[in-house]
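Notes follow once the structure below has been shown.
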Amino acid sequence: MNVTFRNLEKIFYTLRGKVEALKGIDLEIGQGEFFILLGPSGCGKSTTLNLTAGLEHPTAGEIRFADKIVSSPDKKIFLSPKERNVAMVFQSYALYPHLSVFENIAFPLRIAKQKEIGEPVERTAKMLSIEDLLDRKPAELSGGQRQRVAIARALVRNPDLFLLDEPLSNLDAQLRTSMRAELKRLQRDTGITTIYVTHDQTEAMTLGDRIGLFRDGDLIQVGTPEELYNRPRTPFAATFVGSPPMNLIAAEINREGDTTMITCGEGRSELPKDKAWMLERLVGREALLGIRPEHITMTTTTGAGTLKGKIENIEPLGRELLYHVHTGVGTLIVLSSEEELQVEDTVHLFFNPTHIHLFQPEDD
Amino acid sequence: MREETSKKILLTLAAIMATIFCLGPFIYMVLTSLSGNPDFLLPTKPFAPSLTNFMAVIFSESAHFLAYLRNSLIISAVAAVATVFLASLAAYALTRLSLPGKTVLLLSILALSMFPPISLISYLFKLMSALGWVNTYPGLILPYVAWSMPLSLWILVSYFAQVPRDLDRSAGIDGASRFQTLIKIILPVAAPGVFSTTLLVFIFAFNEFLFALMLTVDYRSRTIPVGIALFEGIHGQIPWGEIMAAATLTTIPVVILTLIFQKRIVQGLTRGAVKQ
């Protein structure tokens, strides 16, 4: 089932005043897609999920499931969660503490007065390898097991839409990685359209077919993980996606005959022709240059167009090292496998021109 | 180490004193009920245990003890269940729905319970007379429900507020209506609060004297506290032994109920609901 948001708005009125949680979102999520809502806390991603589930009423706009309108204040339509056939996994798991694992998973079926209970519960439990835990109470389970029960409860009645609200954030790092792979497999096997909320860009990159990046109630960019990583549309998108984050430096762009030169500090380089599309609006103005730490080459010898700097700090990451290099235009982060360098060494940085990103500073 | 020990001894002593202070009258009551005379503490009249008083209370037809006990049990049980049911609905609304002026509402409900019962009793009697409910079960149940509502509501609101909201949301997504969520999720999870509230209202109604005195006439609706107080002595004497025997018997249901529910009250049922 595909999901469409049209100009979706949500305003909360609190004692401290009006909070615009969502400022008119337009988005279409395809049938069977694993879609990630990504952003820092308070950006509107969870609100979007709650509006989709029917836990909250939108202030304006419209939500459609396939061709059916499920929420529209204009048309006075609002379907309850029950009528939407969605399933949701909460960050807190939200297991019913007084019920056994079996009864937790069976709960949606019992509410729906379904006759067949045992078979679907056992089949779903097997799918999540929790068939040995069915008699236990939630208090007797580990965090990872609770999470599996929560997922089983969500999947047991074949929902049209699967919603997950930061489901892995309470698990330890190792468990998170394995659950991530399992969620991806489950989603592929069941083919259920899935909307997944997270603030963790690694989760977003590894799980999502597509990602919607939120900030302050706005949808900043929508695209595949590759698109967000390789073609961020704003400085915020550039720094939020990717770890360590992209370096952003003030730069100046000038035409010199046929070539376009980019200058930042004493560093200068010619911009490849294929970046020309970015340039028209930037020529002769202040611009922000973005370069990922892995796209900076660091040498001890100076060369044409390099930027001089001094190593401030070195963080070993195992296979590679993370260098903090102080330059005339600010401290840059460089990812390199070079192991000979020491703190306080002078180095020369070269930006690979094909990996340069350019932004207008006001495109925050 | 020495300080620890002396602290322990002092605390134990304090606990023993408190226990004696609380249990003293109770022990006196039980001993009096078992002896033929209330003066058994005097050396001149030795303590001779017998069950005569109990037999007299239970089997005397004029004492109506069993009728009083039945009235008390029925009235208290119905009042407790009805109060907790109504208070649960109200507590659900007060903790789960966005109502304007929630705090004001809760405070004004609490203010209602500040009225001294004696100031209400004459109007209550008029009301019950008009309804024809004097000397009936509803005539006592209704005032008991009204009177214990504020306290019940306050206890349940605080327990319901501790039930994580994600459980409601999850139940909603699983297809449960609000009423189903209350019955199947919130009440069981807040069970310790529900049980203690039920028990408190039961004990209040079971012990209540003033309303019962004013609104009942005879054994058809009279409750135990009034019944005991109005025990008629033979030959103009106050029948202490029988009164104490009746009082002893009366405490038994309350003690049993407390022992049954104690475990449920203590149990922390929210354990494992959500990641803390």
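Computed quantities for the displayed model
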{"item": "Checking B:Tyr144 against (1) touching a strand residue (DSSP E or B) at 6+ places or on another chain (Cβ under 8 Å); (2) away from chain A (no Cβ under 14 Å), the condition it does not meet", "result": "(1)"}
{"item": "Among the candidates B:Ile155, B:Ile185, B:Ile203, residue that is within 13 Å of chain A (Cβ to nearest Cβ), of a type in the set (A, V, I, L, M) and in a helix (DSSP H, G or I)", "result": "B:Ile185"}
{"item": "Single match in A:Ile105, A:Ile69 (criterion: surrounded by fewer than 21 Cβ atoms within 10 Å (Cβ to Cβ) and more than 10 Å from chain B (Cβ to nearest Cβ))", "result": "A:Ile69"}
{"item": "Selection from segment A:315-353 of residues that are hydrophobic (A, V, I, L, M, F, W, C) and more than 15 Å from A:Thr301 (Cα to Cα)", "result": "A:Leu317, A:Leu321, A:Leu322, A:Val325, A:Val329, A:Leu332, A:Ile333, A:Val334, A:Leu335, A:Val343"}
{"item": "Wholly within segment A:84-163, helices (runs of 4 or more DSSP H) carrying at least 3 residues that are farther than 22 Å from A:Leu183 by Cα and assigned by TED's automatic domain parsing to the domain that holds A:Ile29", "result": "A:101-111"}
{"item": "Output for segment A:35-56, where each listed residue is more than 12 Å from the chain's Cα centre (by Cα), surrounded by 21 or more Cβ atoms within 10 Å (Cβ to Cβ) and either away from every other protein chain (no Cβ under 14 Å) or aromatic (Phe, Trp, Tyr) (or both)", "result": "A:Gly44, A:Thr48"}
{"item": "Out of A:Gln221, A:Gln145, A:Gln201, sole residue that is under 19 Å from A:Ser92 (Cβ atoms) and of a type in the set (S, T, N, Q)", "result": "A:Gln145"}
{"item": "Any hit, segment A:184-202, residues being farther than 22 Å from A:Asp26 by Cα, basic (Lys, Arg), touching a Leu at 6+ places or on another chain (Cβ under 9 Å) and in a helix (DSSP H, G or I)", "result": "yes"}
{"item": "Strands (runs of 3 or more DSSP E) fully within segment A:293-363 counting 2 or more residues that are surrounded by fewer than 18 Cβ atoms within 10 Å (Cβ to Cβ)", "result": "A:296-299, A:307-316, A:321-327, A:330-336"}
{"item": "Residue within segment A:122-132 that is surrounded by 14 or more Cβ atoms within 10 Å (Cβ to Cβ), within 14 Å of chain B (Cβ to nearest Cβ) and either over 24 Å from A:Gln31 (Cβ atoms) or aliphatic (A, V, I, L, M) (or both) present", "result": "no"}
{"item": "Search result, residues across segment A:164-183 that are assigned to a loop (DSSP other than H, G, I, E, B), surrounded by fewer than 20 Cβ atoms within 10 Å (Cβ to Cβ) and of a type outside the set (S, T, N, Q)", "result": "A:Leu171, A:Asp172"}
{"item": "Some residue of segment A:39-61 being among the basic types (Lys, Arg) and under 20 Å from A:Ile220 (Cβ atoms)", "result": "yes"}
{"item": "Test set (1) surrounded by fewer than 22 Cβ atoms within 10 Å (Cβ to Cβ); (2) small (Gly, Ala, Ser); (3) within 9 Å of chain B (Cβ to nearest Cβ); (4) touching a helix residue (DSSP H, G or I) at 6+ places or on another chain (Cβ under 8 Å) - A:Ala112 fails condition number", "result": "(4)"}
{"item": "Boolean, A:Thr193 is in contact with an Asp or Glu (Cβ under 7 Å, 6 or more places away or on another chain) and among the β-branched types (Val, Ile, Thr)", "result": "yes"}
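The values are calculated or read from the model by the stated rules, or taken from the named source; none is laboratory data. No experiment lies behind these values; they were computed from the predicted model shown. As a convention, Cβ positions derive from the backbone with ideal geometry for all residues, glycine included, and neighbour counts pool all protein chains shown.
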